[in-house]
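The block underneath contains the structure these notes are about, expressed in structure tokens.
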Amino acid sequence: MNHRRLNFGAGSRLVAVVLAVGFTSLLIVVAGASPIEAFKLLWEGSVGTQDKLANTLMTWVPLVLASAGLVVTFSAGLWNIGVEGQIVMGAVAASWVAREVSIGTPGIVTLALIAGLLAGLLWGLLAGALRVYGRVNEIFGGLGLDFVATGFVVYLVIGPWKRAGIASTSGTDPFPRDSWLPTIGNKLAPIALILAVAGVVGVLYLMRGTYFGLRLKAVGANPASAFIIGIQTHRYLLAAMAIGGALAGVAGTIQAIGFQHKLVPSISGGYGFLGILVVLLASYRAALIAPIAFFFVMISVGSSQLSLRLGLDSSIGGVIQGSLVLIAILVGGWQVQRARRRAVPTVEA
């Protein structure tokens with residue numbers, strides 16, 4: 001499915017942020033709370049202490065990895081809605097290594113990362129093969145694979161990997177301590193941060209500094225023309241899905257052995273779908289996904305303070321994120337229409 005790039009300039013993003021803040025402030029006032037106090041709590045709840053900052057950073061890692069992968073697939077003109085399933089399958093593969101392998105922390109962590117990467121890659125490649133060879137729209141194929149992955153992880157949690165004597169959806173037994181990502185303090189895992197930065201830098205270089213990235217953009221912009229000039233479009237579409245799936249698989253691995261330390265049904269954390277919003281707001285630019293993802297995570301993590309301190313529902317964080325993206329799209333669309341209206345007299349003249 002080809003799609004048109006949504007271009008948001010810096011002005012559009014600033015206007016969107018101002019309008020989203022104004023809209024959210026209005027909702028908070030209607031709920032009977034102070035917007036200033038609410039935004040102050042969002043800040044304090046996400047980066048106010050070292051522990052909270054560490055928690056925010058560990059939440060940022062899977063989101064930014066999934067977003068980096070989506071930049072690649074979106075640039076190729078593919079709506080990779082199956083990213084949630086790719087995260088889940090990466091977590092499942094990493095969980096198998098954590099449960100079954102016992103060769104010391106360096107060996108287990110390395111194998112878990114490789115297994116998670118490969119599982120996500122293959123799951124993404126499957127969605128790509130359905131698109132290329134089966135003529136199945138990647139949206140429907142991805143959603144179908146999401147359901148399969150989600151059902152599979154539930155089956156494992158309440159079936160073969162259930163806790164001893166208990167079939168509970170709360171998750172498996174915690175993994176052996178040797179399989180956990182090494183941390184500074186209780187939460188912050190430097191390896192996870194390094195992988196996230198490497199993922200963003202790698203995608204940035206891929207899209208800006210390589211012949212592959214240039215051709216991938218050509219396929220995304222106009223696949224028919226790209227094919228006519230000799231680009232093997234099917235190969236590039238499959239490669240994009242494989243790269244996106246691999247990064248999502250690493251995100252799932254971080255979730256399993258770096259954050260949850262066990263396999264739970266909600267192991268993806270919704271980071272795949274949230275990543276779609278991040279990439280839309282970043283207008284598919286890899287350089288922007290890291291700060292935008294961090295901003296989104298601050299809202300998600302800090303919003304828990306709203307219910308504790310102000311009695312507001314913590315879902316207000318999702319309202320802020322959604323309104324920000326929606327308003328950005330509306331502002332961007334309005335700017336495009338205004339530019340077209342201004343261009344028409346010039347062309348006619």
Checklist entry - In segment 309-324, is there at least one residue being touching a residue at least 12 places away in the same chain (Cβ under 8 Å), within 23 Å of VAL201 (Cβ to Cβ), open to solvent by less than 50 Å² (accessible area, probe 1.4 Å) and in contact with a Ser or Thr (Cβ under 9 Å, 6 or more places away or on another chain)? => result no
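Residues are listed down the side, and each one gets a yes or a no for (1) surrounded by fewer than 23 Cβ atoms within 10 Å (Cβ to Cβ); (2) within 23 Å of PHE273 (Cα to Cα); (3) under 17 Å from the mean Cα position of the chain (by Cα); (4) not basic (Lys, Arg):
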site	(1), (2), (3), (4)
SER95	no, yes, no, yes
ARG99	yes, no, no, no
ILE114	yes, no, no, yes
GLY120	no, yes, yes, yes
ALA129	yes, yes, no, yes
VAL136	yes, yes, no, yes
PHE147	yes, yes, no, yes
Item to check | Filtered residues of segment 290-321 (kept if among the aliphatic types (A, V, I, L, M), farther than 17 Å from THR56 by Cβ and in a helix (DSSP H, G or I)) | outcome: LEU310, ILE316, VAL319
Checklist entry - Restricting the search to segment 204-226, which residues are closer than 15 Å to THR73 by Cβ and under 23 Å from the mean Cα position of the chain (by Cα)? => result LEU206, MET207, PHE212, GLY213, LEU216, LYS217, VAL219, GLY220, ALA221
Next on the checklist: Restricting to segment 166-185, name every residue that is at pLDDT 90 or above, surrounded by 11 or more Cβ atoms within 10 Å (Cβ to Cβ) and not acidic (Asp, Glu).
Outcome noted: THR172, PRO174, PHE175, PRO176, SER179, TRP180, LEU181, PRO182
Item to check | Those helices (runs of 4 or more DSSP H) lying entirely in segment 217-289 with at least 2 residues free of Cβ contacts under 8 Å to residues at least 40 places away in the same chain | outcome: 223-228, 233-253
Item to check | Matching entry among SER25, SER67 (being under 30 Å from GLY245 (Cα atoms) and either at pLDDT 80 or above or open to solvent by less than 70 Å² (accessible area, probe 1.4 Å) (or both)) | outcome: SER67
Item to check | Qualifying positions in segment 20-76 - in contact (Cβ under 8 Å) with a residue 40 or more places away in the chain, aromatic (Phe, Trp, Tyr) and within 13 Å of GLY302 (Cβ to Cβ) | outcome: TRP43, TRP60
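The values are calculated or read from the model by the stated rules, or taken from the named source; none is laboratory data. All values derive from a computational prediction rather than experimental measurement. Heads up, the Cβs are rebuilt from the backbone with ideal geometry, glycines too, and the neighbour counts pull from every protein chain shown. The protein model used for the area step is the full one, side chains on, heavy atoms only, and it has no ligands, DNA or RNA in it. Shrake-Rupley method; radii C 1.70, N 1.55, O 1.52, S 1.80 Å.
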